[in-house]
Every structure is written in structure tokens, then in C-alpha cells.
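Data first, discussion second: the structure below is written as C-alpha cells.
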């Protein structure tokens, strides 16, 4: 990018092409009022408070482009007078409270710096407000109709929920639907609150007046909800969180957030938080001290070892815990217990990503950084609903599309981005592999492949070409239900793009043949030469939980050590043994489903579940509960008394993400810091401290006295992380892996020179389409797909303990009007959903987002029993459950 050189008050500055004079003035270190301006949105030039002289002409700096050689003046008496008068005009229409000490707004600061007296605000007020929303309060009397909130909602969030209503002096922000704020399309990202310069839009309570532009001292950390990895500033008072604000310089979120990261911290002070260990006595869980709880755990582990040896013990580590905590858990299992029986919830969501991406390219992470993905000229978004499940990513992708990028959405539902798509492919659930083969067939048939790349850097083309002959568009249409013409159009959009990118989610992985789905999707990028080159931005999975990538990176897997060395590889084991000083077992351990099966047969004698409500989130929940009931010792580390914790023998109270120290790895492989903003409640401890305490009770030491030391030790064992440290992250903010040297940057884009496979090539997959595990029939005629909704997260243990429950209070079943008519279901009424495995109770919501013959619901409300419906079918390679295809029937109440 070239620059523009200009002079501001005699000082030379250089700004990027296309920058405004306001950006140049800021670059010169000069503060100007700019009440209608925010760096994150387009300029408006409506308030006239940023007036400057450009080559002698008085102009609004925010809407005037910086051109080479222009001479800008800001400090003349005349310019100061004009800016002050502009502020006075705005303020004069506002009531006195606009400049009161209770409203520390941007406007109040501008008045102080401009010399505008508080008594200038003499407006009568009386326009009322809107207090209907739990997180946003509207005071119409303070609105100056600057439009910043409207532009923020449209340009940054992409929801278009706000408008300016009224005429002249009566113009005020309002929900676009015209009704109460709480009933609008608002998704509570908080962007309007952050940008409002007057306090007209504010967060209620102690956070009022705290915005992303004007904030008190705060603790910088990384969000603990989804895997996007938003950087947040946490404001506290008296040991409690009063506000959470998106960091303007956050590498992923760039000053934006979603309802969960921004507002959903009420769970911290919920009266249901666990604050003391619980021990089961006489069939009841009773509070005890840590010493007694740890002693019971240690005795139970020793008994399990005596009865069945090391493999009679297993642990489910946590994708919600830090990297350092996951590293310590797997080290404890391997060095103290002596087993590889450790797994994490990536088994239930993205283990096919790890297996498929590794087989195709050599490493388990996404191929490119999200900043590059956003620059793609064609996005293929598959089996993902980022607008709801990853809202910050969804908003950035939508901005890219609104700027002109092509968009192909492949998803059975009309999900958020689908309404903006050039082509929306709606395959029948479970037919992904056929769909991807159909797209690949067109790429080959129409010469939309990179022949040089395929010749020099890939292998397997002949076998794939032979397979694809059986997947012409017409046959794929019969299998998938996607019209052949749409398939061809989508393939051409992707194939003709200069720099295409693929983004996918759990709609690709959570299938009987999920790994085949990932590999067949990766085929498209390989055929196009769009991986490791300047001709595309590869294949990139959206991770569901905050640290699902990091938990696997740290080796919380039964067959892989930290850094993805295989436990069956003597060289990888030797490297770990050299760091740990003890032998590492060479046989892969149990996966999560195998742990439950072993518990039911009596082979597994002790199970430690860390931060996962497996009774709520795992498939075939009745069988999971039976496993926990059969296991002699179940230890659960949790924030709340979840259904899993209720079945445990020992429950250990632990810290949340806002109360601990360490790092997370986000969906595009960036290490980022996690810092404690408040102390955990009562006697709760971090998982890091708990693992140390359990090891100590077993008479063992784990080293790694601090999280920083644990990450440093991991770097000695795993070369891909050797260049990452807490100190470096404190300086730089984020570092992607691989990063092998503290003095060199991490690799945002993978495979520039060679792939990480044994032969250095990308491997095309020729796996045929195979049908899903379940099919509809006369008894169970509908297909159930489960997923996430925007207001809640996972099992809802955090989001349901706060005001999000007001925004999304019940578990809804989405079904098509034709099916609603067929089964006599009325909108808003309770229904029973039955499968071959169980039943659930939900509330019907009728609409066309879901296709006829399919229904959709979330898993955020465990009491509904949704995961009692799902089957035991799982990916044949990784054991990832087939959450996306369950045959069901609906029964009206």
C-alpha cells in the first residue's frame, strides 16, 4: 500500500491511500472532536465538529480525502470558534443531564475540551426512552441523530436492525421494526452502545457511560465462548466485573464483539456457582474441604489402578480450559497415571477436521489466517452458520460479501449468510461427500483446475478423476436434492475466482463419514491450487468452543502428544520422555465414546470429567448417564452443578475464563493471552491448580509451577510451539503456530514451500459417497439437525444464568409450514420429538428456514433432552458423533 504525504499544522505525516484528513490529523497527534465519526464505520460529515482548513478551504475533516501535498490547519482561532459553535448547537437541544457527572460521554469530553459550558444544555427533553432490552437502554432525549449506531449495526455487525426515525429536530434512533427494542432484530452485539457519543444508547447499571472509546482501566483477555478468539477489555470494581468491552486493536474482532463475549458475564456471580468441593455420602453430594475431597480422589485413583491398571483410569479434558491446563492434564495422565486415556470435546465436533486436514495437507489446523480469508473474492461457506455461532466472523464475512466478494453457501438450512449468497446449495443432510464430488466433477470437466499445482504439488489425481466420473451434476442432484444447475453455477463461481476460500463448520464434520467430508471438501482447494499459494486461501474450519483447537494442540488426545506427535511413534515418545523424564505409554488410549463403553462394562474404574457436561452435550445421553452411574469413581471439575456433576462422586469447584491465567488458541491457530480479571468465588480454584493438587495428593509432582512455565515446557516438547511464550504474547498480542523460533513470526499461511505430509504433497481423496447412519421412514419421517443459536453457548450453563435467557427463553423446534400442517403442529405450542433412541420436549417455531422433511433445534437447554434423541452412529475414522442426521417424528401436544 502506498501512502499520501501531507502537512498538518506544519508537521509532515503519511497516511494510507484513501484516508481522510481526520486520519491525518490523528496521525499528527492532534485531537479533534468528531461526534458523527468512528474509525470502524464510514464517515458522515453531519456534525461539523471536525472542521479544519485544507489549502485555505474550511472542510469537515472526516469526509475530506487526504490528497498529496495538501496543507492542513487545525489550530486557528477561527477554526476553534467554528468547531465550538457546532458543538454548542448540538448541545443546546439536549437536556442538562446530557452533561451531568452521571453521563461521562464522549460529548461531555468534547464540551470540556472545546470550552462549551455545561449550562449550554437547556433542552426540554420529554421524548422518552426504551428499557425493554436487558443490555441496551435508549434515552431518546440524548440522541443527536449522528447515525453512528445505525452505521455500526449495518456496516460492522451486518444486522441492519436500526434506523433513524422522525423528521428534523425530532429525528432519533429506533429499531427498524418500529416496536420495542427487545422485539427487534437486534442481536445485542453492543456496537451501538460502544459507538454512541452521548449516552443515548448505554448499558444499564454500573457500566453506563463505559464504551470502547472511553473506558476506565481494564484487564485485557481473550473471550471464553466460541473459537473466534475476540480480544476483550474487562472493567471491574470491587472484585466484580462491571463491563466487558471489545478491544479496538483486537487482532480478530477489531473492536467488535457478540452478545456472549460483550454482555454474558452474569454467570460469574450466579448463586448457583460452585464454591466448595462436594463429596458423595449416602447418595448425596455434601460440601467438604479441599483436603478431604483430594484425599478421596487420590484413594479412588489408587483403587482403580490396583483393580485394573493404568488403563482403568481416563480423563476428559476441557476445550474451555487454557492451553496450559490441558497440557497439564495430559501430562498427569501420561506421567502419573501411565495411560493415554485422555481426550477432549474435539472428539465430538472437529476430530474429523484434524484427521481430514492432516491426511490432506499434513497439519490439523486451518490453512490460512482469517485476515486473508476475508480478502477472498469468493467464499464457499459450508455447513456453518457463523452469523449465529461465530457472530464476529459472520459479520466480517458479510462485510466482505457486501464489498463484492462472491458467496456460495452450502447448508440444508437458510442460515444467516444464505440470504446474501449468489448460490445457496441445500443438500439433504448426510450427502456432503456427494455434493463436494459434484463440485469437483465440474471443476475438472470445465478445466477450472490448476494443472501446474496438481502436477508439482499434489498426488492422487488419477484415482480422484476416475471416481468423479460417477458424480456428474444430474446424479449428484438425485443424491443431494441440489438442482444440477445450481451445482454448476457454484462450481464456476469457486473455480473462476482469483483467490477463493473455504470456510466450514460442524455441518461437515458431525456425520458418519465426517472425515471423508473434510477430505472431499479439501479436494476442491487442491484442484484449484488454492492452498499454500497466492491463488487462494485454502480450507478453514470454524471452531465451536473457545479452546477446542488448543486442547488438541496440547496433546489432550488419546493417540497424539503435544504438537501432534503420534504416541505410536518412538521418536515422538522419546522427545516427550526427554522432557518429562518418565516413559510414555506407546499404545493409543480410549476415545470419549470408548471411555463410556468401558465404564458400562466395568473396565473403566475412574473417570475425571473437566469442564464438560457430557450428559447434556454427548450423543445418546441415556447411555452416557448409564456409564457414569456404572463407574466406581467419577470426578467432575465444574462451575455449576450440571447434570454430569450431579452424577459424580466428587465435584471440584473451578475458575471460569474470566478468573484464570494462561492462553487459548483460536480457530485460525493464534495463541492469545488469557488473564484473570476477578478472583474465583469462595474456594474455587483454577483447573491448573486443581491438576497440581490431585498430582500432589497422588504423591507426584508435575513441575511447571506456573502457566507460563507449562507453555515453555510444551514448546520444548513440541517444536511447532517453541517460539511462543507468555512474554512474547504480552508484547505482540497474538502469535500463530507453527512458530518455531522466538525471534521469528509464526506462520499465518501454511504450506508455502511444501506440505507437511511425508512426501511433501497435498493428497487428494477418492472416498466414495456413503449414506448416513439413519434414514427417515414411515415411523420416523423427519430428519433432525442440531446446532447453535446466537444467544446461547453449548449446554447453556453460562448463558442461561443471565439476561440471555430473556432474549432466548425456550428451546425451539424449527419446522417447515408443510410439516407443521401435516402433523397438526401450531406455532408457539409445545411438541414432543421422538427418535429411535429417546424423546424431547420443545416449542414449535414454524418457518421456511428449515426445508420440508427436516427439523432443527439447539442443544442449549439440557432439560429438553435433545441429546437423548441422537444416535450412537459416529464417524468411522474419528468416532465423532453423527449429530446432523437423526430420524425423528413430531407429536403435537
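The values are calculated or read from the model by the stated rules, or taken from the named source; none is laboratory data. On a predicted model such as this, the values are computed, not experimentally measured, just so you know. Glycine gets a Cβ as well: all are built from the backbone with ideal geometry, and neighbour counts include every protein chain shown.
Kindly indicate whether residue 243 is surrounded by fewer than 22 Cβ atoms within 10 Å (Cβ to Cβ) and either in contact (Cβ under 8 Å) with a residue 24 or more places away in the chain or over 28 Å from residue 185 (Cβ atoms) (or both). Lay out the reasoning, then the answer.
Details: surrounded by fewer than 22 Cβ atoms within 10 Å (Cβ to Cβ): no; either in contact (Cβ under 8 Å) with a residue 24 or more places away in the chain or over 28 Å from residue 185 (Cβ atoms) (or both): yes.
Against the criterion (surrounded by fewer than 22 Cβ atoms within 10 Å (Cβ to Cβ) and either in contact (Cβ under 8 Å) with a residue 24 or more places away in the chain or over 28 Å from residue 185 (Cβ atoms) (or both)), residue 243 does not qualify.
Of these, 93, 98, 108, 61, which one is within 23 Å of residue 215 (Cα to Cα), touching a residue at least 40 places away in the same chain (Cβ under 8 Å) and in contact with a helix residue (DSSP H, G or I) (Cβ under 7 Å, 6 or more places away or on another chain)? Break it down stepwise before answering.
Numbers: 93 fails: within 23 Å of residue 215 (Cα to Cα); 108 fails: touching a residue at least 40 places away in the same chain (Cβ under 8 Å); 61 fails: within 23 Å of residue 215 (Cα to Cα).
On inspection, the qualifying residue turns out to be 98.
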*Output the residues belonging to the stretch 320-363 that are surrounded by 24 or more Cβ atoms within 10 Å (Cβ to Cβ) and not in a helix (DSSP H, G or I).*
320, 321, 322, 340, 341, 342, 343, 344, 349, 350
*Among the residues of the stretch 40-58, how many are within 30 Å of residue 193 (Cα to Cα) and without any contact (Cβ under 8 Å) to a residue 40 or more places away in the chain?*
6
_Condition broken by residue 763, with the remaining ones in (1) in contact (Cβ under 8 Å) with a residue 60 or more places away in the chain; (2) farther than 22 Å from residue 360 by Cβ; (3) touching a helix residue (DSSP H, G or I) at 6+ places or on another chain (Cβ under 6 Å) satisfied_ = (2)
*Taking residue 394 and the conditions (1) touching a helix residue (DSSP H, G or I) at 6+ places or on another chain (Cβ under 9 Å); (2) assigned to a loop (DSSP other than H, G, I, E, B), which numbered condition does it fall short on, given that it satisfies the others?*
(2)
*Name the single residue, out of those in the stretch 525-560 being touching a residue at least 60 places away in the same chain (Cβ under 8 Å), surrounded by fewer than 24 Cβ atoms within 10 Å (Cβ to Cβ) and in the same structural domain as residue 449 (by TED's automatic domain parsing), that is farthest from residue 450 (Cα to Cα).*
532
*Set 440, 434, 414, 410: member being crowded, with 21+ Cβ neighbours inside 10 Å and under 25 Å from the mean Cα position of the chain (by Cα)*: 410
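Can you go through 224, 255, 229 and tell me which one is in contact with a strand residue (DSSP E or B) (Cβ under 6 Å, 6 or more places away or on another chain), crowded, with 24+ Cβ neighbours inside 10 Å and in contact (Cβ under 8 Å) with a residue 60 or more places away in the chain? Before the answer, list the steps.
On the way: 224 fails: in contact with a strand residue (DSSP E or B) (Cβ under 6 Å, 6 or more places away or on another chain); 255 fails: crowded, with 24+ Cβ neighbours inside 10 Å.
Going through 224, 255, 229 in turn, just one is in contact with a strand residue (DSSP E or B) (Cβ under 6 Å, 6 or more places away or on another chain), crowded, with 24+ Cβ neighbours inside 10 Å and in contact (Cβ under 8 Å) with a residue 60 or more places away in the chain: 229.
Among the residues of the stretch 860-889, which ones are part of a strand (DSSP E or B) and buried (at least 23 other Cβ atoms within 10 Å of the Cβ)?
We begin by selecting, within the stretch 860-889, every residue part of a strand (DSSP E or B); these are 874, 881, 886-889.
Within the stretch 860-889, 874, 881, 886, 888 qualify.
State yes or no: is residue 104 at pLDDT below 90, within 29 Å of residue 184 (Cα to Cα), not in a helix (DSSP H, G or I) and not assigned by TED's automatic domain parsing to the domain that holds residue 804? Walk me through it before giving the result.
Details: at pLDDT below 90: yes; within 29 Å of residue 184 (Cα to Cα): yes; not in a helix (DSSP H, G or I): yes; not assigned by TED's automatic domain parsing to the domain that holds residue 804: yes.
Criteria met by residue 104.
Let's see how each residue does on (1) under 28 Å from residue 618 (Cα atoms); (2) buried (at least 24 other Cβ atoms within 10 Å of the Cβ):
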position: 266; (1), (2): yes, no
position: 292; (1), (2): no, no
position: 296; (1), (2): yes, no
position: 314; (1), (2): yes, yes
*Output the qualifying pairs, or none if there are none: Cβ atoms under 6 angstrom, residues six or more apart or on different chains, first residue in the stretch 495-512 and over 25 Å from residue 785 (Cα atoms), second residue assigned to a helix (DSSP H, G or I) and modelled with pLDDT under 95.*
501/373
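Quick check on the stretch 838-849. Is at least one of its residues assigned to a loop (DSSP other than H, G, I, E, B), within 28 Å of residue 132 (Cβ to Cβ) and either free of Cβ contacts under 8 Å to residues at least 24 places away in the same chain or assigned by TED's automatic domain parsing to the domain that holds residue 133 (or both)? First the steps, then the outcome.
The initial filter retains those residues of the stretch 838-849 that are assigned to a loop (DSSP other than H, G, I, E, B), namely 838, 847-849.
Now drop any that are not within 28 Å of residue 132 (Cβ to Cβ), which leaves 847-849.
From the residues that got through so far, the ones that are either free of Cβ contacts under 8 Å to residues at least 24 places away in the same chain or assigned by TED's automatic domain parsing to the domain that holds residue 133 (or both) too are none.
So far as the stretch 838-849 goes, no, none of its residues is assigned to a loop (DSSP other than H, G, I, E, B), within 28 Å of residue 132 (Cβ to Cβ) and either free of Cβ contacts under 8 Å to residues at least 24 places away in the same chain or assigned by TED's automatic domain parsing to the domain that holds residue 133 (or both).
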_Count of the stretch 258-277 residues which are touching a residue at least 12 places away in the same chain (Cβ under 8 Å), assigned to a loop (DSSP other than H, G, I, E, B) and over 20 Å from residue 189 (Cα atoms)_ = 7
*Among the candidates 75, 10, 69, 29, residue that is surrounded by fewer than 22 Cβ atoms within 10 Å (Cβ to Cβ), touching a strand residue (DSSP E or B) at 6+ places or on another chain (Cβ under 7 Å) and either modelled with pLDDT of 95 or more or over 30 Å from residue 157 (Cβ atoms) (or both)*: 69
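On the given criteria, is residue 482 modelled with pLDDT of 95 or more and surrounded by 24 or more Cβ atoms within 10 Å (Cβ to Cβ)?
On the way: modelled with pLDDT of 95 or more: yes; surrounded by 24 or more Cβ atoms within 10 Å (Cβ to Cβ): yes.
Answer is yes for this residue.
Inside the stretch 625-743, counting only strands (runs of 3 or more DSSP E) that do not spill past its ends, which hold 2 or more residues that are under 22 Å from residue 272 (Cβ atoms) and touching a helix residue (DSSP H, G or I) at 6+ places or on another chain (Cβ under 8 Å)? Steps first, please.
Values: elements: 633-638, 650-653, 662-665, 670-674, 734-736.
Once the strands (runs of 3 or more DSSP E) in the stretch 625-743 are filtered for at least 2 residues that are under 22 Å from residue 272 (Cβ atoms) and touching a helix residue (DSSP H, G or I) at 6+ places or on another chain (Cβ under 8 Å), what remains is 633-638, 650-653.
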*Run residue 477 past the list (1) touching a strand residue (DSSP E or B) at 6+ places or on another chain (Cβ under 7 Å); (2) free of Cβ contacts under 8 Å to residues at least 60 places away in the same chain and report the number of the one that doesn't hold.*
(1)
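Could you please find all residues in the stretch 270-283 being exposed (fewer than 15 other Cβ atoms within 10 Å of the Cβ) and touching a strand residue (DSSP E or B) at 6+ places or on another chain (Cβ under 9 Å)? Give the derivation first.
Step one: list which residues in the stretch 270-283 are exposed (fewer than 15 other Cβ atoms within 10 Å of the Cβ), which gives 271-272, 275, 281-283.
Hit for the stretch 270-283 is 275, nothing else.
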_Contact list please: Cβ distance under 6 Å, first residue in the stretch 163-185 and at positive phi, second residue part of a strand (DSSP E or B) and surrounded by 14 or more Cβ atoms within 10 Å (Cβ to Cβ), pairs at least six apart or on different chains._
166/172
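Inspect the stretch 699-710 for any residue being within 20 Å of residue 367 (Cβ to Cβ) and buried (at least 18 other Cβ atoms within 10 Å of the Cβ) and give the result as yes or no. Give the steps one after another, and end with the answer.
If we filter the stretch 699-710 for residues that are within 20 Å of residue 367 (Cβ to Cβ), which is where we start, we get none.
Within the stretch 699-710 (the criterion being within 20 Å of residue 367 (Cβ to Cβ) and buried (at least 18 other Cβ atoms within 10 Å of the Cβ)), the answer is no, since none of the residues qualifies.
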*Out of the residues in the stretch 561-580 that are assigned to a loop (DSSP other than H, G, I, E, B) and touching a residue at least 60 places away in the same chain (Cβ under 8 Å), state the one that is nearest to the chain's Cα centre (by Cα).*
561
